[in-house]
Amino acid sequence: MSRSASERGQLDLFQALPGEFAVRDAQDLMSYPFFSLSKSHRTRPIEFAAGSVEIRVEAVADHGMATIWDADILIWTASQIVEARDSGIRTSRLIAATPYQILTFIGRGTSARDYHRLKAALDRLQSTTVCTSIRQPAEGRRHRFSWINEWTERTDATGRPDGIELIVPDWFYRAVLDDALILTIDRAYFELTGGLDRWLYRLVRKHGGRQRAGWRFEIRHLHVKSGSLSPFKRFAFELRDIIRRQPLPGYRLALEIEARGRRLLAFEPCGQAVDGLVPSGTPGIVPSGTGPSCYREPGSGSSISKDDRIRGRNLESNSESNSCCAAPAGDKPAHGRALSVETHLRNDKPERPLGTSRRVQTSSVPPGG
């Protein structure tokens, strides 16, 4: 008997629930580089290592690597499993659903083209393999899996299409139910069109519930943590454009520069940002509660924020996520006031005394910086 046939025979079928409910995401998937941030065909592996965490994501040439848009299917899956568990319904790694249920939940259309894209996404999720040390009980152990063990199209007694079945890996299933807390995310996440926008929202949301006063990441570390194939200068340019646009629902972003030139991306909840960790057993619906993003397109010459506070690094939330590189000799954490200044980012130079940082105006961003 084949492995897949044996696995299917041992699993009870969980029928996906109808209707709308809170959107949930798994913290591990929000924290680390598991997906391609581009819709282009990627076969180059993602390799990431920080502390005890190691990740390698591999793709096959036929389908390419699963993208952050494909991950919407996993968000749907996590939302289904948690909603069922909260309702006292027995869940399983073997899930049956209609394409319509999945597509409408994640904000997609339901045309024949959308159905075709859904199948292509399932193929990428099934063919992409992950090898990671995350949540392994012994040092040196690695867990290897695909995002979907298998999927198949169902037919009814007359041979007509009757939805799909998919099996999610045990690593993901345990992350949703057993080993970690689940976070609600804003449904507006599905409206974000840029891969970097989506990745950044998930990262910010992961850390947003613990430090409402604000926090920051070193941009060079964000580049490493994203798994992006873009050169650092291009990545930094795209981040500055995100700061200018402010598209993330419930969060305000700003650029800070330390005295020695280190660039930091600062985050701060605003409005009715989703707050707190939501255990998988939480009864009832937990709405995301966020409306549109705090700011859309700032007018020319207006600063991102008038707040001059220097934000502490998010050590409490995740000590790994602040910096990928050792600080230069003699460098110390910044203290003092951050200034809102009007400057072109490509030409800015440290002007404050050692130990200070400044807030940078980003409403006008030159290319190539």
Just to be sure I understand the filter: pairs with C-beta atoms under 7 Å, separated by 6 or more residues or on different chains, first member in the stretch 7-21 and within 14 Å of residue 150 (Cα to Cα), second member charged (D, E, K, R) and outside any strand (DSSP E or B). Which pairs pass?
11/93
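Among the listed residues 220, 174, 198, 205, which satisfies the condition of being surrounded by fewer than 18 Cβ atoms within 10 Å (Cβ to Cβ), charged (D, E, K, R) and assigned by the TED database to the domain that holds residue 241?
Numbers: 174 fails: assigned by the TED database to the domain that holds residue 241; 198 fails: surrounded by fewer than 18 Cβ atoms within 10 Å (Cβ to Cβ); 205 fails: surrounded by fewer than 18 Cβ atoms within 10 Å (Cβ to Cβ).
None of the others qualify; the one that does is 220.
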What are the pairs with Cβ atoms under 6 angstrom where one residue, in the stretch 122-151, is among the aliphatic types (A, V, I, L, M) and the other, located anywhere, is part of a helix (DSSP H, G or I)? Sequence gap at least six, or different chains.
134/28; 148/125; 148/126
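Of the residues in the stretch 223-239, how many are open to solvent by 10 Å² or more (accessible area, probe 1.4 Å) and assigned to a helix (DSSP H, G or I)?
Of the stretch 223-239, the ones open to solvent by 10 Å² or more (accessible area, probe 1.4 Å) are 223-224, 227-234, 237-238.
Keeping just the survivors that are assigned to a helix (DSSP H, G or I) gives 223-224, 232-234, 237-238.
Selection size over the stretch 223-239: 7.
If you go through the stretch 146-162 one residue at a time, do you hit one that is part of a loop (DSSP other than H, G, I, E, B) and open to solvent by less than 30 Å² (accessible area, probe 1.4 Å)?
From the stretch 146-162, those part of a loop (DSSP other than H, G, I, E, B) are 147-149, 156-160; that's our starting set.
Going one step further and asking which of them are open to solvent by less than 30 Å² (accessible area, probe 1.4 Å), we end up with 147-148.
So far as the stretch 146-162 goes, yes, one or more of its residues are part of a loop (DSSP other than H, G, I, E, B) and open to solvent by less than 30 Å² (accessible area, probe 1.4 Å).
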Test result for residue 51, in contact with a helix residue (DSSP H, G or I) (Cβ under 8 Å, 6 or more places away or on another chain) and more than 27 Å from residue 189 (Cβ to Cβ):
yes
Any pair with Cβ under 6 angstrom, 6 or more apart, that starts in the stretch 181-197 at a residue that is free of Cβ contacts under 8 Å to residues at least 60 places away in the same chain and ends at one that is part of a loop (DSSP other than H, G, I, E, B) and open to solvent by less than 20 Å² (accessible area, probe 1.4 Å)
197/247
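The values are calculated or read from the model by the stated rules, or taken from the named source; none is laboratory data. A quick note: this is a predicted structure, and the numbers were derived from the prediction, not measured. Counting neighbours? That spans all protein chains shown, and the Cβs are built from the backbone with ideal geometry, glycine included. With ligands, DNA and RNA removed, areas are computed over all heavy atoms of the protein, side chains included. Shrake-Rupley method; radii C 1.70, N 1.55, O 1.52, S 1.80 Å.
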